[in-house]
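Structure, as structure tokens:
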Amino acid sequence: MASISIQNLHKSYGTLNVLKEFSLDIEDGEFVVLVGPSGCGKSTILKLLAGLEPASGGKIMLGDRDVTDVAPGERDIAMVFQNYALYPHLTVAQNIGFGLKMRKMSQAEIDRRVMEAAKTLAVDPYLNRRPKDLSGGQRQRVALGRAIVREPLAFMMDEPLSNLDAKLRVHMRAEIGALHKRVGVTTVYVTHDQVEAMTMADRVVLMRNGEIQQIADPDTLFQKPDNLFVASFIGSPGMNFVSSPVDRASGAAMVEVLGTKVDVSDHNVDGVSDVIVGFRPEHINLGDGLVNFNVRPSLVESLGSEKYVYFDGGSTQVRLSAGTEDENSKGLIARVAHTGAFDETAEQRMSLDPANLYLFDPKTELAL
Ligand code: ADP
Ligand code: MG
């Protein structure tokens, strides 16, 4: 096991800068998740850490050893990919132990490690089966076993659950979490799925276009986003955004949210003439509260335990380029408790607590 220190790492392919001055210190035994949209450079970092691609600049320390120019085989890092190709003609035991055999380890030691890993991953009843006779989840566990038996200094996992169906993904998420607690090896886990990142990580590194947007534990990332991108990326359904000028006529700094004036003097709005106001769907309540507004639903989706009520935010609604077309076209969203009688065609009274508003500077996109 080892800590990992990434210092000003960058990577370019020709003129394309895919990773810009990336720095991150990972503690020994920590589970860090890199998350961000497709193409933001997540896999690139793992490849640089594992030595599968050379860095264009910067430094990688594994423990107190500089491994920046060390060959992959000498780094003692195990990689688990989304496409966990198992050898079809080998048994589960042979698949798990394959890398050790290549290293000319004694058969007794291989058997010991394979059995230990198989037990940890609960695939020990299937050691003599071939991959085709396993379920998707069992195959993924065999792939993890292959990484574990190497007893590496660190694990790199690149979207290892993407090929599994939703239910199995949730199950394997918990299993990998439990596995990490047992084995305790420093792990860098990559996903584009913010739910996966939030549920698994000690710390989340949220990336965009090869740059770090915020590094924080899941709660902080959700509650105190540093900027508009983080606010929009974390949370499902995503945060709502409306624009408003800042009105100081009364002495206090006031903004308008869905037709209602709100005092935002406790935010750092000095010198800012316009803001983007964010509020999460789950912070909208049915009925009167502190900041009230009327809404005519354009669409109501019932999820059984709760409802998503979509409504038009009018000209103030901010449609972020980060959002998908589908998300943006649906309008603003309230996530409300399921109430028996809900007339979907009638105007609804809804409310917000001003304490749950987020303010952003539209120019810098930073939280205010
Ligand atoms: P992610 O894993 O976050 O989806 P990647 O790290 O795979 O993103 O890729 C980041 C960017 O680098 C993408 O724009 C991708 O097209 C580009 N890229 C990756 N590998 C190469 C390569 N071998 N040559 C040129 N561009 C590449
Ligand atoms: Mg990738």
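The values are calculated or read from the model by the stated rules, or taken from the named source; none is laboratory data. Being a predicted model, the structure only gives us computed values, none of them experimental. Note: ideal-geometry Cβ built from the backbone for every residue, glycine included; neighbour counts use all protein chains shown. What goes into the accessible areas is simple: the full protein's heavy atoms, side chains included, and nothing from ligands, DNA or RNA. Shrake-Rupley method; radii C 1.70, N 1.55, O 1.52, S 1.80 Å.
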task: Taking all protein chains together and a probe of 1.4 Å, list 165, 69, 133 from the most accessible to the least accessible.
output: 69, 165, 133
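Considering only protein heavy atoms, with the full assembly of protein chains and a 1.4 angstrom probe, order 89, 267 by accessible area, largest first. Kindly include the intermediate steps, with their values, before the conclusion.
Numbers: 89 125, 267 40 Å².
Reading off the accessible areas and sorting them downward yields 89, 267.
Once you have a ≥ b ≥ c as the square roots of the Cα gyration tensor eigenvalues for the chain, tell me rounded if a/c is under 1.5, and otherwise prolate or oblate according to whether a/b is larger than b/c.
Values: a/c = 3.04, a/b = 1.81, b/c = 1.68.
Because a/c hits 1.5 or more and a/b exceeds b/c, the chain counts as prolate.
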field: Accessible area per residue in Å² at 1.4 Å probe, computed on the chain
entry: 47
- request: With a 1.4 Å probe and every protein chain left in place, tell me how much accessible area residue 119 has, in Å² to the nearest 10.
  value: 130
- request: For the chain, give the percent of accessible area contributed by carbon and sulfur heavy atoms, probe 1.4 Å, rounded to a whole number.
  value: 49
Residue 298/residue 337 FRET efficiency (R0 35 Å; Cβ-Cβ; nearest 0.05): 0.95
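For the pairs 11/47; 20/47; 224/307; 119/181, flag any whose C-alpha to C-alpha distance is greater than 22 Å. Before the final figure, lay out each step's value.
Numbers: 11/47 11 Å; 20/47 15 Å; 224/307 25 Å; 119/181 15 Å.
Over 22 Å apart, Cα to Cα: 224/307.
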field: Charge-dipole axis of the range 4-228 as Lys and Arg at +1 and Asp and Glu at -1 on Cβ define it, positive-most pick from 68, 135, 147
entry: 135
- request: Taking 7 Å along the Cα-to-C-beta vector as the label spot, tell me the residue 69-residue 15 distance in nanometres, rounded to one decimal.
  value: 2.9
- prompt: In the range 30-48, which residues have a backbone nitrogen under 20 Å from the label point lying 7 Å from residue 220's Cα in the Cα-to-Cβ direction?
  reply: 30-36
statement: Once all protein chains are kept in place, residue 102 shows an accessible area at probe 1.4 Å, nearest 10 Å², of 130
message: Could you report the accessible area of residue 109 in Å², rounded to 10, computed with a 1.4 Å probe on the protein chains as they sit in the structure?
response: 50
- request: Tell me the label-point distance for the pair residue 306, residue 347, using the 7 Å Cα-to-Cβ offset, in nm and rounded to one decimal.
  value: 2.7
message: Let's see if you can work this out: charge +1 on each Lys and Arg Cβ, -1 on each Asp and Glu Cβ, no other charges. What is the dipole magnitude of the range 237-360 about its Cα centre, in debye to the nearest 20?
response: 20
task: Just reorder 279, 81, 342 by solvent-accessible area, largest first, 1.4 Å probe, all chains present.
output: 81, 342, 279
